[in-house]
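Written out below as structure tokens is the structure these notes cover.
The values are calculated or read from the model by the stated rules, or taken from the named source; none is laboratory data. Remember, predicted model here, so these are calculated numbers, not experimental data. Quick reminder, even Gly has a Cβ in these numbers, built from the backbone with ideal geometry, and neighbours come from all protein chains shown. Keep in mind that these areas ignore ligands, DNA and RNA; they rest on the heavy atoms of the full protein, side chains included. Shrake-Rupley method; radii C 1.70, N 1.55, O 1.52, S 1.80 Å.
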Amino acid sequence: LAAAVALAVGAAGWFATDGMFAGEVAAIADVDGLLLTLDDDAPGGVEPLAAGTMLDAGQAVRTGKGSTAVVRLTDGSLVELAERTEMSVRSRRRGTIIEVERGAVIVEAADQRPKQLFVATADAEVRVTGTIFSVQHGVRGSRVGVVEGEVRVDAGGREVVLHPGDETTSRAALAPVPVSRQVAWSRNVDRYVAMLEELDALRREIAQRVAPAESRFESALVPLVPADTFLYAAIPNLSATVGESWTIFQERLAESPTLAEWWAERQADGDAAHIEDALARLTDLGGQLGDEVVVTFGARGEGEGGESLLVLAEVANPDAFADALAAEAARHDGDDDELVIVRDLAELSGDEDGLVVWVSDAGWMAAGGRERLDAFAAAAAAGGSGFADGELGQAVARAYADGTQWLLAFDLAQTIGAEAASDEELAATGFGDAERLVVESWGEGDRTVMSAELGFAGERRGIASWLAAPAPMGSLDFVSADAHLAAAFVVKEPSAMLDDVLAIAGGDEDHELAEVEAEIGLSLAEDVAAPLGGEIALAVDGPFLPEPSWKAIVEVYDPARLEHTIEVAVARINDRLRQEGQPELTLAREEDGGHVWHRLEGRSFGVSWVTVDGYMVIAPSKALLERTLDQRAAGATLAASGRFRELLPRDARTHFSALFYQNLGPVLAPVADGLSSMGGDGMTEEQRRTLAALVADAEPTVAYAYGEPDRVIFAGTGPGGPFGIAIPAVGGIGGLGLYGALEEAAAQQAPPN
């Protein structure tokens, strides 16, 4: 009891003092207009602040109308505040936290290592070690955009990693806004826009000049992987790619004052001086390896617990590679992590605690613990380990047979399957049967394709079986070629999906459902699910403003019954609204032009729909529905669009189970064009042209899925990779994402791996 009390008191003390560090945490560097601090003792509760004033931890400041200010944190970071922005700064054990109550800030974060800098709003948190980014927070949520570097954002219940030009929001209702527009109010807007332009140009030049990794159709390493491996990752040898990317960067550095200034700042930090040397050594070591590096994790060990790492690669010249690696290790003698390099496993004493690298005379490089190296050696001596004969090994072999560049295979049976054995709800969903996940990426001409295969032990069941087999999608005929977003799905029978939900819910929910059905006079199975088909589509097909032109298309087998269901449901809802004294819903029906049009309106909403050829098309207005039918009759549909068809995969399949399409460039372009009227003199004409050029380069992308009896295959394709992400470019120095990693590696003086 005493121990428990002591532990509780200690933990309470830790959390109570975290964030309670007092003292000065920042200074006012500059004020343009009015900057106030909240002070209960001052008249009106506020007091003006001047440049040079120190700020205490937790002290809130607020800019006035038409005013801006710059705050310098004690670590050297700069925070620029837009008008009507309120924020405070706190110091905690994990780092400094900037709390934005409302408004917009631009942060130029100084190097925080080993801690981090945080920017927190009511619904988002940003974590960085050193970068330039924008944070906006208002009534509708938060938005984060990156000018330079990398940030991690927790927003809207998900974590995302952003790079230059990327942005994210805490709520889906917030439409995308170019980062250039987000920083248009800043006194440093010229520098920020120029940086975005340079980074985008650098990324594109690298993508054009640096050849992606070649597809590999076999691997000599697969048979030698230990049989108990549950994670297999095959990575192309990018040493040459990194070297080429570095050369391109140096060329751009000589031509661009903006990049030169940025690079000079990095050199002043003392990190950049090590990068060129680190790259040279990386290229030298990597150039002696084969065309891929395989990273694996094995089953839990009985001795120390945890997963066991094994890294494998072919070596052209074992002697030269061992000497080069030993020289590299000598450069970092005295590091905490011990690195042992051997040419024969018999040289090991068995007491090694660090990473062991075995360079075999047979032309292999293997790195890991002694147990994993012994397993690899045994497999090499026997000509195979049995991994290739297992489910995961066979999935890996299929990926190689089709050609792959980046490959990740994960045995889910050891994780999700084990959990489903004791979790009835997970087992009932059918996802407990998930057996493997295989993710890969490869190039097709000027496009990049990413694919993920989720395999199951036996036929899919429960919620995991909702995505049906590939089938024709007539719903896409109601989406025009000018759509900005579109998603279509083929699902199994809605009545069977309802049965799956009820099976997971259990007996009590069945009883409650029966009571609800009795009260409304409808059966969910017979009156709602049964009339529906197995196809659904959603789209944003038209202008976003003043109201998004959304539409939903649902396949219907029994329109008359579904219409009756809607009428009964509206009548029951109106009965309840009358009892509560609330305005009732109105349901109107109109016959016009050979179609029956329906309209449902409430106090704050209104939707219209029409049923054509077995599809119910739903939209905010009758006008949008009429335009949809006209476009369909003219053949101006998304499925017939040449731009859309160019993005479709080059395989033998005719149909999809699911399809997602985005073409947001045309939506963002008017935003860029309208900056002059929206922002006044906030951006110059040259800056607006730069933003317009960046927006004009935005490319459409497609993602899709195939549902098979025992697996689901997800994939995406686009000119720069799915959703604009080209993995080979990112693996080089695309977007400067690798620069931060190289700087950190140089700062820590760690040997490249």
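For the reader, a short list of remarks on this structure follows.
- Proximal lysines relative to K551, as straight alpha-carbon distance under 25 Å, when same-chain residues fewer than 8 apart are discounted: K492, K622
- Each Lys or Arg adds one and each Asp or Glu subtracts one; over the other residues with Cβ under 14 Å from the Cβ of F217, this totals -4.
- Exposure of W550 as accessible area (Å², to 10), given a probe of 1.4 Å and all protein chains: 90 Å²
- Near the amide H of Y615, within less than 5 Å, lie the amide hydrogens of V556, all on another chain or at least 5 residues away, with H placed in the peptide plane.
- Total formal charge among the other residues, if their Cβ is under 10 angstrom from that of T586, Lys/Arg +1 and Asp/Glu -1: -1
- Computed with a 1.4 Å probe over protein heavy atoms only, the accessible surface of region 510-668 comes to 54 Å² per residue.
- Seen from Y704, the other residues with C-beta closer than 12 Å to its C-beta sum to a net charge of 0, counting Lys and Arg as +1 and Asp and Glu as -1.
- Cα centroid of region 350-412 to Cα centroid of region 601-624, whole Å: 57 Å
- Computed with a 1.4 Å probe on the full set of protein chains, the accessible area for K622 sits at about 50 Å².
- Computed 3J(HN,Hα) for region 30-35, one whole-Hz value per residue from the Karplus formula 6.51 cos²θ - 1.76 cosθ + 1.60 where θ = phi - 60°, is 6, 9, 10, x, 10, 10, glycine and proline marked x.
- Amide H partners (placed H, <5 Å) of E535, local residues excluded: V491, E555
- Residues with amide H under 5 Å from that of E148, placed H, sequence gap 5 or more: I132
- About the Cα centre, charge dipole magnitude for region 327-466 (Lys/Arg +1, Asp/Glu -1 at Cβ), debye: 640 debye
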